[in-house]
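K.L.:
Structure below; questions to follow.
Values quoted throughout were computed directly from the atomic coordinates according to the rules given, and no laboratory measurement underlies them. As the structure is a computational prediction, the values presented were derived from the model and not from experiment. With ideal geometry, Cβ positions are generated from the backbone for all residues, glycine too; neighbour counts draw on all protein chains shown.
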Amino acid sequence: MRRTIRLAALAVAAAAGLVACGPAPVAWTSVSPERASRPSFRMTGSIEHLDLEGGVYVIQGDDSVTYAPTNLPAAFQYAGTRVEADARKADQAMSIHQVGHPIELVRIRQR
């Protein structure tokens, strides 16, 4: 009986340790070199595929803003993928899709 209680306590302690540590961070993927003249911002959200003009991938930000990355790597072009990214506003960018705020990704990683 005591052995069972000890094993159960050990299992709970091990599980708590794993939860406290969390998953290992995923490495960043650099997309474009940083330019000091244009400040960047950090955002998190989910990749979505919209069926407009042949299809477009956007990032639906956790801040309820839709972002249209001009340089989303193919490895991240999967609907439902949670991401964290550093990006810059792409004020000069134009798109036939006309959806979301155009951004240029500096780096991105899966969450």
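K.L.:
Quick one: Cα convex hull volume of region 26-110, Å³ per residue?
P.N.:
Convex hull volume per residue, Cα atoms: 90 Å³.
K.L.:
For Val26, project a label point 7 Å along Cα to C-beta. Then give me every residue of region 39-56 with its amide nitrogen under 14 Å of that point.
P.N.:
So the set is 44-48.
K.L.:
Once amide H atoms are placed 1.01 Å from N in the peptide plane, what residues at a sequence separation of 5 or more from Thr29, or on another chain, have their amide H within under 5 Å of its amide H?
P.N.:
Ile108, Arg109
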